[in-house]
Structure formats: C-alpha cells, structure tokens
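Asks: Submitted below is the structure of interest, expressed as structure tokens.
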Amino acid sequence: MASDASPANFAKAAALTLSERTQQLSEAMREPARQRRVILVIVCVALLLDNMLYMVIVPIIPDYLSDLQNAQTPRTRANSSQDLDTQIGLLFASKAVLQLLVSPFTGAFIDRVGYDIPLLIGLLVMFASTCVFAFAENYGTLFLARSLQGFGSAFADTSGIAMIADKYVEDAERSRALGIALAFISFGSLVAPPFGGVLYEFAGKRVPFLVLACVCLADSVLVLTVIKPFSNRTRENMPVGTPIYRLMADPYIAVVAGALTVCNIPLAFLEPTISSWMEKTMRATEWQMGLIWLPAFLPHVLGVYVTVRFAAKYPDLQWFYGALGMVIIGASSCTVPACATPGQLMIPLCGVCFGIALVDTALLPTLAFLVDVRHVSVYGSVYAIADISYCVAYALGPIVAGQIVHNLGFVQLNLGMGLVNVLYAPALLLLRSVSQLTRSRSERNALLEEEPTGLYDAIRMEERVLRRKGLSGTVTHALPVHEDGSFARSKSEEDSSGPECA
C-alpha cells in the first residue's frame, strides 16, 4: 500500500489525468462553435493584457522617474528636471510610434502565414516586454520595454482582431464578437491605472508587471495547446491577400480608417493633458485624477451593447451609428473645459467613451465586410490599417497635445477636437452605398467578379454554405477544375440558390 502512494505513482497518475484532460479539450475543440468561443476568449485576454500594459504605467512611471531623478547628484538633477516631462511624453508615445511603423509589415506577414503564429509571436514579445518593465532601473531600459511592447502589439492586436473576423463569418455574429473584444479593450484601459497604482503603492514597481507577465504567459500556453499554430494546416489554403497599399486606396476603407483616427484623438490628447489642467483649475488630487476615468467603462460597454443590438436589427445603418458616435464625441469634447469639479468632468468623459464605442463597434465589422465584397477575404492587412489608425492618434497625443495646450490653451484644444469630429461625421455618408451591397450582391458573386483567387475562396464559400445549413466541418477536398481554369460548382453550391450562399 505504501508503494501505491509513492511520489512516483502520484506523479504518474497526475500526468495521466492531465493527458486525459488535454485529450478531452482537444476533442471538444473539434466542434466549430466551441472552437470559435475559445479562440474569442484567447484573443480577448490578449487584447486585455495589451491595453492594461499600455495604461498601467500611467500612475507608475512618472513617480518612478521622479524618484530616479531625485537619487541623482544635485547638479545632474538640475539638468534633467527640465527634460522630465519630455522624457515621459516620449516614453508614452514610443509604443504607438513603433507599432505604427511595424503594423504595415505585420499585416502582410499575417496574410501570408495566417493568424495564429503572429498571435503567439505577439504574446511572447509582450511577455518579454512586461518582464523588462518589471526589472528596468533606468530610463533607457524603460524606453526599450515600451518600444518592445509596441512591436508585440502590432502582431497580437492585428492578428487577434483579424482572427475574430475570419472565424465569425455572419455579420451579426461578427459584430457581437468584435463588440466583446472592444469591451475587453476598454476594461483593460480603464482598470489598469488603479490596478497599477494600488500595487505600486503597496507592493512596489515589479509586482503589477509580474502579474501581467504571468497572465500573458498563460495565454501563450493556451494558444499553443488549443489553437496549435504549428500543426494548423488551414494556412496552406490561404490565398494571396490584397496588398495593404491597395486597401488604403479603397475610398470606403480610407473613410473608415480616417473615422477611427479622428474619433480616438480626444481620448489620446486628453490622457496626457487633463491631469495638469485639473490640478491647475480644480486643485484635484492624484486619486481624483485617476478616478475620473473609471466610470467611463460602463458607457463604453453600453455603447458596444447598443450598437450590436441595433446592428442586428438594422444592419444597413452601420454608417449612421458611426456618424452619431462622432457627433457625441465632438459635443462631449467641447464641454470638457466647462467642468468645474471632477464629478462634473466624469460626464463628458463618459460621453467621449460612449461615442468611441459606437464608432468602433460599427466600423470594425464594416472593414471585414468591405474586404469580403471588394477584395480577398483575408483580414490581416485591413486590420493593420485599423491598428495604424489608432496608433496615429495615440502617437501624436503625448507629443503634440502638450504643445497645443502650451501655445493655444486647453479650451482651444478641446474645441478643436470636438469640431474635427463633428465635421468628419458627414463623410460616413459615403458608406451608405456599402449597405446596398448587402441586398444586391453576395460575397460569392463579388469574389467571382474579381480576379481569380484560387482554391481557398471556393472552399471558403462551400464552408459558408454548410454553416448556413446548420452543418459543421471543414471542406478539405479539392474542387474539379474546368479546362479554362475555373472551379466547378460543388454539390452544396448547386443545391443553394446563388444569393443565399453569402
């Protein structure tokens, strides 16, 4: 009996149990609906981590750099005190700047190799960046960690959003899945400052970063064990995606990208400037400066929910939801300087976040639909464009916003941002013609009118027919090819009437 309870037998039993659990999980993942849900969870955790790491440094780095400066000799301290604000601004902007530079290349890379390997690369780079943040003891190392995060985000964010668009092919499901992802992005951005501030205050600088690093590593393990990127053979059938420069030249995609940039400018420009303004005009304390952002999570989630519900009932009005969101952002931004207390300030900030939720939730699925009906159904490059749009706003914010406030004033900054959003909203009227495509053209017909894209599109169309009929599985057989090089119609396509195959 003693031998049965030995550590070796216990370890063997534990390994056997783990193997059985892994096999059960693998079998469960073969069911398409469950697989999509698990992938959505993995991507949402990745987006949550990226945005928490982006914002967790807000309460930590300024105080930490100030402590490093105070530890210097008096002469060195006098020389560097003038550059502290500039250093903080450059550090905050470095992530978005590098992500902006890398995203065009990651989009092409994702289109070539698929979505799973870039997601794993992004998570591992973010894990390394978080560890460097935890143990960094000088400005140069912090700058390296922040830039490294931008490199990882260019892979993880773009591939994650593109993977959701690829797995959820129906418009209503896609809008709902992307809405959930946006809710995680918002939650990560808004919960990170109090999370980082509390742990930094009571446990030191390293603890918040080490916690995020552990979660990032766990998500990477899930990618390896659940998605299995190196054994996934679906990328072998991927066609050559539309180059990013051609997507940028598409007027519809250009309008959407411009809207994503403009709608995020108020948030990106307020984050580095509003604390100083509150201190000067309201005598606000540090906890009040951090607390004003926390209530904005609820209207952001509400905006996502409302847009998803209305998009399911009235899908032709996606352009209107985006335009309405930009008007709300503009009106809210203009009222920020009129606030006299932190409590009053929470109201327009909630309006800004509610409007951003409307714009993002309406327009991110629109990008996937535009690729489906006008280009090749590969989403890496188009969501790289979306990533670039966000990065333009957040790269300019820490660098430009302070200069505008210094030269023109905080009131003029907010009025300008509000006016730009209101003036850009009518540009989304161009997207009204896109909604007509949903009634007059199916994705299959649109693809057939473009240049031939190979076996992948034929297989993808047959899979969508099976999903429409309530069947599951993946089409792995090759379709017969006519002498002219065109693909013969499959039996499932013949059984379905043309427009119903969308």
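Asks: When region 39-66 is examined, which residues are found to be modelled with pLDDT under 85, assigned to a helix (DSSP H, G or I) and either open to solvent by less than 60 Å² (accessible area, probe 1.4 Å) or among the basic types (Lys, Arg) (or both)?
Replies: TYR54, MET55, VAL56, ILE61, PRO62, TYR64, LEU65, SER66
Asks: Would you mention how many residues in region 195-213 are open to solvent by 60 Å² or more (accessible area, probe 1.4 Å) and touching a residue at least 60 places away in the same chain (Cβ under 8 Å)?
Replies: 2
Asks: Determine which member of the set PHE187, PHE109, PHE133, PHE127 is more than 20 Å from the chain's Cα centre (by Cα) and assigned to a helix (DSSP H, G or I).
Replies: Every option except PHE133 fails the conditions.
Asks: Would you confirm whether or not region 106-118 contains a residue that is over 30 Å from VAL405 (Cα atoms) and basic (Lys, Arg)?
Replies: Within region 106-118, the subset over 30 Å from VAL405 (Cα atoms) is 106-118.
Still in the list and also basic (Lys, Arg): 112.
Scanning region 106-118 turns up at least one residue that is over 30 Å from VAL405 (Cα atoms) and basic (Lys, Arg).
Asks: With open to solvent by 30 Å² or more (accessible area, probe 1.4 Å), among the hydrophobic types (A, V, I, L, M, F, W, C) and at pLDDT 90 or above as the only criterion, which of ALA338, ALA312 stands out?
Replies: ALA338
Asks: Still on this structure, please answer the following. Being exposed (fewer than 15 other Cβ atoms within 10 Å of the Cβ) and among the acidic types (Asp, Glu) is the filter here; which residues of region 236-279 pass it?
Replies: GLU236, GLU279, listed by residue number.
Asks: Next up: Only one residue in THR281, THR307, THR273 is out of contact with any strand residue (DSSP E or B) (no Cβ under 8 Å at 6 or more places or on another chain), without any contact (Cβ under 8 Å) to a residue 60 or more places away in the chain and not small (Gly, Ala, Ser), so which one is that?
Replies: Among THR281, THR307, THR273, only THR281 is out of contact with any strand residue (DSSP E or B) (no Cβ under 8 Å at 6 or more places or on another chain), without any contact (Cβ under 8 Å) to a residue 60 or more places away in the chain and not small (Gly, Ala, Ser).
Asks: Separate question: Of all helices (runs of 4 or more DSSP H) completely enclosed by region 316-408, which ones contain at least 3 residues that are among the hydroxyl-bearing types (Ser, Thr, Tyr) and in contact (Cβ under 8 Å) with a residue 12 or more places away in the chain?
Replies: 318-335, 380-407
Asks: Something else now. Those residues that are open to solvent by 40 Å² or more (accessible area, probe 1.4 Å), assigned to a helix (DSSP H, G or I) and modelled with pLDDT under 80, I need them from region 280-298; list them, please.
Replies: Correct list: GLU286, TRP287, GLN288, LEU291.
Asks: Something else about it: Working carefully through the options VAL411, VAL434, find the one that is closer than 28 Å to CYS339 by Cα, assigned to a helix (DSSP H, G or I) and either open to solvent by 50 Å² or more (accessible area, probe 1.4 Å) or modelled with pLDDT under 85 (or both). So that I can check it myself, show each step before the final result.
Replies: Working: VAL434 fails: closer than 28 Å to CYS339 by Cα.
Step by step, each of VAL411, VAL434 is checked, and only VAL411 is closer than 28 Å to CYS339 by Cα, assigned to a helix (DSSP H, G or I) and either open to solvent by 50 Å² or more (accessible area, probe 1.4 Å) or modelled with pLDDT under 85 (or both).
Asks: Can you tell me how many residues in region 369-384 are open to solvent by 10 Å² or more (accessible area, probe 1.4 Å) and either in contact with a Gly (Cβ under 7 Å, 6 or more places away or on another chain) or among the β-branched types (Val, Ile, Thr) (or both)?
Replies: Number of matching residues: 1.
Asks: For region 121-157, name all the residues that are open to solvent by less than 10 Å² (accessible area, probe 1.4 Å) and of a type in the set (A, V, I, L, M).
Replies: LEU123, MET126, ALA134, ALA136, LEU142, ALA145, ALA154, ALA156
The values are calculated or read from the model by the stated rules, or taken from the named source; none is laboratory data. Model, not experiment: these values are computed from the prediction. Ideal geometry is used to build each Cβ from the backbone, glycine not excepted, and the neighbour counts take in all protein chains shown. With ligands, DNA and RNA removed, areas are computed over all heavy atoms of the protein, side chains included. Shrake-Rupley method; radii C 1.70, N 1.55, O 1.52, S 1.80 Å.
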